[in-house]
Structures are given as structure tokens and as C-alpha cells.
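In what follows, a single structure is set out as C-alpha cells and then discussed.
The values are calculated or read from the model by the stated rules, or taken from the named source; none is laboratory data. These numbers come from a predicted model, not from an experiment. Note that we place each Cβ from the backbone using ideal geometry, even for glycine, and neighbour counts take in every protein chain shown.
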């Protein structure tokens, strides 16, 4: 039986390769999202750009659910592959896709009737609220399709096929780039056209992902009722904390959006541009958190605990170098970026302030990203939940509120960046303590005794650590 891909070779090479290929597809999606906002801005109506900002924050909530569940699929499948149990990995992959579909359909059913209330709760008013709601009514029903595509890409990363995982997101992004101007301008549908193009492109995710997982790797087995029942508890043990971890970020972003709304549509429009700029500039860091998961999962399954520490150290080096480069580029071209989106007044001030100052805080956001990936894949998923919620509440609300009170919209953005420092440092310190515990308790080689599994019903806190499988 072939050995799992990540249990041998340079961990830095694995980190760079997986991150580079993952970031290409991911950043392509984000670039298309930014182009979407750019096309809308060409229509010359501030309400349209602000509506995209509100809708984007709500979509971040729903997408975060899919990301959290994909993390569980990656962790469980990578561990099975690390143990050399390919048949088990096929069953887990099939069950993961089934869980994703069921839970995403449930999410749509719960959220759809309340879209208008949710948009207005964030501070949208009048025509802006109507446009944001209309956009969401078109896009939200396609969430199960998006979730399935994201799960397929995650399973390809669990195998170590970074190239085909990249094709999944790259193909969807390319299709959106073609369809956006056609529907927005060609069919004169405006914001409705942007929504329709988004929905169509999500089906490309599934098509490309199915080809790679099912026909190339044959890492899929139609789950039986017995398999679904067996894997449900371990899936939720990682998926629910990971889901809660992911939801924390849009909660924090929603508070920033609501705070910006107090300064008018111009400030919200500026924040909408920043919201698109962040994943384009720092999508590589988001990709890094997804890239280290399979590396950690396979080595954890293979009991190569020494490689866990080297993977985390290599990730921190990567974060520092990349963020400094991205920050320098943003600062250098800050005025051109604001000009590109036609930003004026307070919207322009927000964009320039982010590029010049706040972008540097992503060194610490990156620390939090990779620490959370480690917690999710090493059986400490509740730790990632605790840190992300702390970052998105204690690290956002007081900082953003005070910044807004003292310095207006740019001050709110400054508070958003400062909150990352404390929780980024704290999360990475705890992460290395967890790695040290694993080394000390379980040994450092492939013959070490596997970690003790807490008895059923025993909580993470009574066992002295976060929930494990």
C-alpha cells in the first residue's frame, strides 16, 4: 500500500507546495469577487456597492459553515490515509459529502425566511437593504452546491493532490470572471446579474471536484446507513467546533460593518472594498491554514509527532515573509487601489488607512489561522473555537468601538487590526504547548502509543483538553 504523501520529505516543501497551489485557486475566487464589486461600482450607485458589502458579510456566515464542515472532512480523511487505511478513507469521504449536503440544506432553510431582517439588523436601510436582500435571495439557495464543491476540494487536499484541489476553485473563479460582465452589463441585470453569475459558477466547483476525487483518485464510496451512523459522531466532534470557529469571524466582521454603517454608506462601501482586498492580498494565508491541515492530519495518523512541530515552525516563517511583502505592496499602491474602485471621501480614507497600517496585523492573523488548523487536526478543536471567538468578540468589539468613537471609520479599522495582535500571539503559544504535550505524552516516533481517547460523554474540559476523537 502506498505511503501517505506528507509523512516523509521536507515539511517546508510540503507547506510551500500546498499553500502555493491552494492560494492560486483561492485568490482567483477572491479576485473575481473583487472584480464583481468593481463592475458594480462602474454602475455609479453607492447603494449598490454598499448592498454588496452587506450581502458579502451575510454570505461569509453561510460560507463559514461549509468551511467548518470541510475541515472535519479533511482531518478525518487525512488521518485515515496516514494510518494506511484507504478503504476507510473512501467511506469517510462519502459520508462527509452526505453530511455537508444535509447540513447546508438545513442552513438555507433556517436563514432564507429571515434575510430581510438579517440585512437590516446589520444596519442596512432603504434601497440598500432591498438590494442586499434581493442579492441574497438569489445566491443563498445555492449554498449546498458551494458546500459540496468545497468539501470535494478539501478531500483532494487531504490526499495531497494540491493541483486538482486548485483546479476546483480556479475553474469556478474563471467561469465567474467570464459570466459577471455578461450578466451585469450584457444582459443589463446589474446586481441581479452578479448574483446569477455567482450561482452558476458554484456548479463548476462540484463538476471539477467530482472528476478529481471520484474518477482520478477513486477516493469515494457511497455511504451506507451504517457508515453514516458510525462516522457522524467523529465528524461532529471536529465539524461543530470548527464550524463555530469559522462563524466567529463573520460575527466580528458584522460588528465592524454595523459600526461603519454609523458613519454612512461611504464608510460601508470603503469597508466592502477592504473586505474584498483582504482575501486577495492575504488569501495565501487563508490557503496556508487549509494546507497545513492535511500535513498535520497525515503525520498525526502516522504518529510522526516530530513532524508536527517542524510543520508549525515552517508555517510561521512563511507567514512572516509573505505578510511583509504583501503589506509593502499594498502600502506602495494604496492610492491606485482606491482609484481603481472609484472611492471618494470617507470610503477612500478607509481603503488607504487599511493599506498603509492595518495590513501589517495579518502577521498575527496568520498565527491564529495556522494555530486553529493545528487544533482542529490534532484533536483540540474546542481550542480553535475559543480563540477565534475571543478574537472576534474581545479582540474586535472594544477595539473597534473605541477606535470609531475616537477616530471615526479609520479608527474602527485600526481597532480591528490591533485586536489580532493579542490573540494571534496567545494562540500560537498555546499551540506549541499542545505540541509539547503530544510529544511528552505519546512520544515522538511512528511506534509511539496513540493519544488516549476520552470515554464517550466525557467533556473536553473534564478530560483536561479539547474534544478529541
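Hey, among 44, 9, which residue is surrounded by fewer than 21 Cβ atoms within 10 Å (Cβ to Cβ), modelled with pLDDT of 80 or more and not in a helix (DSSP H, G or I)? The unique qualifying residue is 9. Only one of the numbered conditions (1) over 21 Å from the mean Cα position of the chain (by Cα); (2) under 25 Å from residue 32 (Cα atoms) is not met by residue 228, and that is (2).
Of the residues examined, residue 94 is not one that is farther than 30 Å from residue 121 by Cα, surrounded by fewer than 24 Cβ atoms within 10 Å (Cβ to Cβ), at pLDDT 85 or above and out of contact with any helix residue (DSSP H, G or I) (no Cβ under 8 Å at 6 or more places or on another chain). For residue 378, the conditions (1) more than 28 Å from residue 36 (Cβ to Cβ); (2) at pLDDT 95 or above are fulfilled apart from (2). Quick one: would you say residue 299 is at pLDDT 90 or above and over 27 Å from residue 394 (Cα atoms)? Taking the combined requirement at face value, the residue satisfies it.
Is it fair to say residue 403 is free of Cβ contacts under 8 Å to residues at least 24 places away in the same chain and in contact with a helix residue (DSSP H, G or I) (Cβ under 7 Å, 6 or more places away or on another chain)?
Working: free of Cβ contacts under 8 Å to residues at least 24 places away in the same chain: yes; in contact with a helix residue (DSSP H, G or I) (Cβ under 7 Å, 6 or more places away or on another chain): yes.
Judged against the criteria, residue 403 is a match.
When 193, 186 are checked against the criterion of being buried (at least 21 other Cβ atoms within 10 Å of the Cβ) and without any contact (Cβ under 8 Å) to a residue 24 or more places away in the chain, a single residue qualifies: 193. Which of the residues belonging to the range 74-91 are surrounded by fewer than 21 Cβ atoms within 10 Å (Cβ to Cβ) and farther than 14 Å from residue 227 by Cα? Answer for the range 74-91, where residues must be surrounded by fewer than 21 Cβ atoms within 10 Å (Cβ to Cβ) and farther than 14 Å from residue 227 by Cα: 83, 84, 85, 86.
Select, from 286, 255, the only residue that is surrounded by fewer than 24 Cβ atoms within 10 Å (Cβ to Cβ), at pLDDT below 90 and within 24 Å of the chain's Cα centre (by Cα).
286
Residue 1 fulfils the conditions (1) within 23 Å of residue 152 (Cβ to Cβ); (2) surrounded by fewer than 21 Cβ atoms within 10 Å (Cβ to Cβ); (3) at pLDDT below 80 except for a single criterion, (1). Any residue at all in the range 343-357 that is more than 25 Å from the chain's Cα centre (by Cα) and either surrounded by fewer than 16 Cβ atoms within 10 Å (Cβ to Cβ) or at pLDDT 95 or above (or both)? Yes, because at least one residue in the range 343-357 is more than 25 Å from the chain's Cα centre (by Cα) and either surrounded by fewer than 16 Cβ atoms within 10 Å (Cβ to Cβ) or at pLDDT 95 or above (or both).
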